[in-house]
Amino acid sequence: MVSPSPSPSSPVPGDAHFTISDPYSTQTFAVRPAGFSSATADLHVTINGQSVEIALTPSSSQCTLASGVINCYADIPAPNGPITFTVKTLDANGNVLSTVTGTATIAGKTTVPLALQGIWKNALVRLQNENPVMGSPSTIPVTVTAYDAAGAIIVGPEPYTSPVPLYNTDTSGATSLSTNAVTAPGQAVTLSYNGTSYVNAQLSAGVPFSQTFGTGDTMMPALRTVEYPIPSGASTWESNLSGKMFENPNGSVSFAERTLTNTTSIGTVSMSGAVTESPTALFFEDIVPDAAGNIWGITNLGTLAQYTGAGAGFQSPALPGSLPGQLALGADGNFWMADGGAGIASIERVTPAGVATDFPLTGGNVALGGGVLAGDGNLWFEFETNLVTSQMNGLLSISPSGVITDYPLSIAQISCCANSGNVALGPDGALYFLYESDHVGRMTTSGAFSSFQIGMAVAPSVGGGAYPNALAFGPDGALWISTGNSNGCSRLVERVTTSGSYGYFVLPVTCGTNTVAADVGAFAKGSDGNLWYTRGNVVGKIIL
């Protein structure tokens, strides 16, 4: 370190009078155009191979700040004649923040203006629109911001000392960046998307997917949807019912509603979007259609009731179970119900006439979830043995004669049995389910288990996705998963293929502060080839 050279009032022949003039901000980590950062502590100068270093900070006597512009100078002894120089600014820790290399001809005291180039340490990428609407191609502007070693933003206009590389995780060809590197601040960059593929593009700049200044940005296309309001304004979210939804023989889709008087109303939507409602005087815990399309349900009174378009029809006496749960229709035409009464779970078989037979579970199982009729003629459920930890211990099947077979798994799932629909029958005949919030499990009807990891990450910009909610296979053969969060409004849904590829997508809706249960509560295939869903006080469809 050498002392600053004399002031301009006493020039020294043969000095190189380096000057810096940049826009400047005194705010911490504010924009530092042209590479001059408020963290600058030293100036390192090399002339014809000879180096000196002088103290230089924004508050040095050689610097003046006026009207948002900082002007600094440094007089460095130099021989008369041609010189080659390199100038670097450093922070107090010796990190190089900016630099410039050039040539000059010295004749006595000669002014050499400098245009410092920022040296990037990390970089952040942001999409102008994270959610392009599917259906047509789009081109999305991308902003790349580079930071020096002190955390200051480099704006330029000088180019970076080295290009900032760009990365895109999508290799399918559905998306592409206009360039693989940014050479200067403000360089125009775009991301092209074909508008039809179910893909994400996770972008990063500088260090691949570095956590230092964030993980870049992710394109999550907005699905093409149409929503239809429930005429009465009733919510499609029942407490234990979880908004079960299914296709009717006439091609319409039915779903459950919770009325303002805490009774169940059956909503039906045609493929053209006409919504009708049929109130009942009952509160259903779960509903299923029978083979003829009639709707049956388990009530909060523990009875089996048939619902007709004119209201409730047959209703049985109270069933033996003390905690009626989720309902499924068996291959034998009987109804099968998960029951957790008395703290020991069982499965009840209930005939349409209301005759119940109880099949206690073995192994200390205390809770059941799901209830799916598979191709082997058996009903399949998730089970758990510990209500405190809510660990999903595996799947079990029950035959029409009541033979129960456990398939224990050494995996855990948060709140495995809280919602119906936790098990979905795949187009390949296997059972699919979620566990540990970010895994899809697959089990064949012979008990062979496999799994693959999916994303299921929280995405604050789209309302989050803290936990899985509903899952069902769509007409496209993919598994669709909705997410929920404590705010009651998550726009995020996930699509997973049976081969394990997955992507995040959003519903093009706005989450309001007074939105009631606006998470997607259920999915169902539509006869129109689209995926229908319930959400808050609307029913909608994802156009596939």
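The values are calculated or read from the model by the stated rules, or taken from the named source; none is laboratory data. Note that the structure is a prediction, hence the values are computed from the model and not measured. We place every Cβ from the backbone using ideal geometry, glycine too, and count neighbours over all the protein chains shown.
For the reader, a short list of remarks on this structure follows.
- Any hit, the stretch 290-309, residues being part of a strand (DSSP E or B) and acidic (Asp, Glu): no
- Which listed residue, of Val539, Val516, is of a type in the set (A, V, I, L, M, F, W, C) and at pLDDT below 90: Val516
- Among residues that are surrounded by 19 or more Cβ atoms within 10 Å (Cβ to Cβ) and modelled with pLDDT of 90 or more, Ala234 is not included.
- Meets criteria (crowded, with 20+ Cβ neighbours inside 10 Å and modelled with pLDDT of 60 or more) for Gly375: no
- Against the numbered list (1) in contact with a Pro (Cβ under 8 Å, 6 or more places away or on another chain); (2) under 30 Å from Ala174 (Cα atoms); (3) basic (Lys, Arg), Arg126 comes up short only at (1).
- Pick from the stretch 338-357, criterion of a type outside the set (Val, Ile, Thr) and at pLDDT 85 or above, ranking: farthest from Ala256 (Cα to Cα): Ala356
Residues checked against (1) out of contact with any Cys (no Cβ under 8 Å at 6 or more places or on another chain); (2) at pLDDT below 90; (3) of a type outside the set (S, T, N, Q); (4) within 20 Å of Val288 (Cβ to Cβ):
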residue	(1), (2), (3), (4)
Ser397	yes, no, no, yes
Pro408	yes, yes, yes, no
Val423	yes, yes, yes, yes
Thr444	yes, no, no, no
Pro468	yes, yes, yes, no
Asn487	no, yes, no, no
Arg491	no, yes, yes, no
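- Taking the stretch 79-118 as the region of interest, the strands (runs of 3 or more DSSP E) fully inside it that hold 2 or more residues being surrounded by 19 or more Cβ atoms within 10 Å (Cβ to Cβ) are 81-90, 96-106.
- Counting the residues of the stretch 167-191 that are farther than 26 Å from Thr101 by Cα and not in a loop (DSSP other than H, G, I, E, B) gives 8.
- Annotation note: of Ser59, Ser98, the sole residue that is at pLDDT 85 or above, of a type in the set (Ser, Thr, Tyr) and either closer than 25 Å to Gly186 by Cα or assigned by TED's automatic domain parsing to the domain that holds Ala152 (or both) is Ser98.
- Scanning the stretch 251-274 for residues that are surrounded by fewer than 18 Cβ atoms within 10 Å (Cβ to Cβ) and among the hydrophobic types (A, V, I, L, M, F, W, C) gives Leu260, Met271, Ala274.
- Filtered residues of the stretch 46-78 (kept if more than 48 Å from the chain's Cα centre (by Cα), assigned to a loop (DSSP other than H, G, I, E, B) and surrounded by 15 or more Cβ atoms within 10 Å (Cβ to Cβ)): Ser60, Gln62, Ala78
- Hey, Ala146 more than 19 Å from the chain's Cα centre (by Cα), buried (at least 20 other Cβ atoms within 10 Å of the Cβ), modelled with pLDDT under 95 and not in a loop (DSSP other than H, G, I, E, B) or not: yes
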